[in-house]
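Asker: The structure under discussion is supplied below as structure tokens; questions concerning it will follow.
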Amino acid sequence: MKLLRSSRCLLPAFASVLLAVACKSASGPIPGGIDGVYVARSVDGKTLPATAYKIPGDEYILLGDTLRFSANGTLKRDMSFRRIIVGLASADNVFTYHLTLGYRRDGDTLVIGTCSPHADCVRAEFAALKATNIEIAGSIFWAGEALIKFEQLPPLE
């Protein structure tokens, strides 16, 4: 098989483009990715610690919640809440979770905790991205639609 002169010149260029695409890091920046730290400041307008969900005999109090976004589509979430159960099996416990979740951005909407439909993972939450704030309605740990407002921290120098 004989290659035309123009084909011989294009083949190395095509190979280098193909190699560059194949070697692109899966952990690199995603389109519309966020890079920053956001700290929960309020639940339904009340400063933390604040009740996020309450029914007779069961109450969840959010103590702290931090979102650390990376532009590569991952989010580290550190959350602490107190659950008070009153009844036959009364309990008063503090739970702390350190989660690594995926996220995607669609304009001013964030989908946090995305996973495939049949995977065993945390259900997705939807958040509104404001200028320097994020608002999440709901929670992965309790029922109801408590509105948690997060404030962006200034970047470290």
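Asker: So in the stretch 133-153, with the set limited to residues that are part of a loop (DSSP other than H, G, I, E, B) and of a type outside the set (A, V, I, L, M), which one is surrounded by the fewest Cβ atoms within 10 Å (Cβ to Cβ)?
Answerer: Per the stated criteria, the residue is Glu145.
Asker: Sticking with this one: Please verify whether the stretch 59-72 includes one or more residues that are under 21 Å from the mean Cα position of the chain (by Cα) and loosely packed, with under 14 Cβ neighbours inside 10 Å.
Answerer: Within the stretch 59-72, one or more residues are under 21 Å from the mean Cα position of the chain (by Cα) and loosely packed, with under 14 Cβ neighbours inside 10 Å.
Asker: Same structure, new question: Quick check, is Leu75 closer than 18 Å to Glu151 by Cα, outside any loop (DSSP other than H, G, I, E, B) and over 17 Å from the mean Cα position of the chain (by Cα)?
Answerer: No: the conditions fail for Leu75.
Asker: Continuing with this model, one more query. How about the stretch 39-72: which of its residues are touching a strand residue (DSSP E or B) at 6+ places or on another chain (Cβ under 7 Å) and over 17 Å from Leu147 (Cα atoms)?
Answerer: Passing the criteria: Gly57, Asp58, Arg68, Phe69.
Asker: Can you tell me which of (1) small (Gly, Ala, Ser); (2) modelled with pLDDT of 90 or more; (3) under 20 Å from Ala131 (Cβ atoms) is the one Ser80 doesn't meet?
Answerer: (3)
Asker: Limited to the stretch 106-132, what total is found for residues that are at pLDDT 85 or above, surrounded by 14 or more Cβ atoms within 10 Å (Cβ to Cβ) and touching a Phe, Trp or Tyr at 6+ places or on another chain (Cβ under 8 Å)?
Answerer: So the answer is 3.
Asker: For Tyr38, indicate whether it is surrounded by fewer than 14 Cβ atoms within 10 Å (Cβ to Cβ), under 18 Å from the mean Cα position of the chain (by Cα) and among the aromatic types (Phe, Trp, Tyr).
Answerer: It is false that Tyr38 is surrounded by fewer than 14 Cβ atoms within 10 Å (Cβ to Cβ), under 18 Å from the mean Cα position of the chain (by Cα) and among the aromatic types (Phe, Trp, Tyr).
Asker: Kindly indicate the residue of the stretch 79-97 that is part of a strand (DSSP E or B) and among the polar types (S, T, N, Q) and also nearest to Val37 (Cα to Cα) among those meeting that condition.
Answerer: Filtering the stretch 79-97 for residues that are part of a strand (DSSP E or B) and among the polar types (S, T, N, Q), the one nearest to Val37 (Cα to Cα) comes out as Ser80.
Asker: Another question, if that's okay. Just one of Asp58, Asp65 is in contact (Cβ under 8 Å) with a residue 12 or more places away in the chain and closer than 23 Å to Ala128 by Cβ; which is it?
Answerer: Asp65
Asker: Only one of these conditions is not met by Thr100: (1) of a type in the set (Val, Ile, Thr); (2) outside any loop (DSSP other than H, G, I, E, B); (3) surrounded by 12 or more Cβ atoms within 10 Å (Cβ to Cβ). Which number is it?
Answerer: Looking at each condition in turn, Thr100 falls short on (3).
The values are calculated or read from the model by the stated rules, or taken from the named source; none is laboratory data. Nothing here was measured: the structure is a model prediction, and the numbers come from that model. Backbone-built Cβ (ideal geometry, glycine too); neighbour counts: all protein chains shown.
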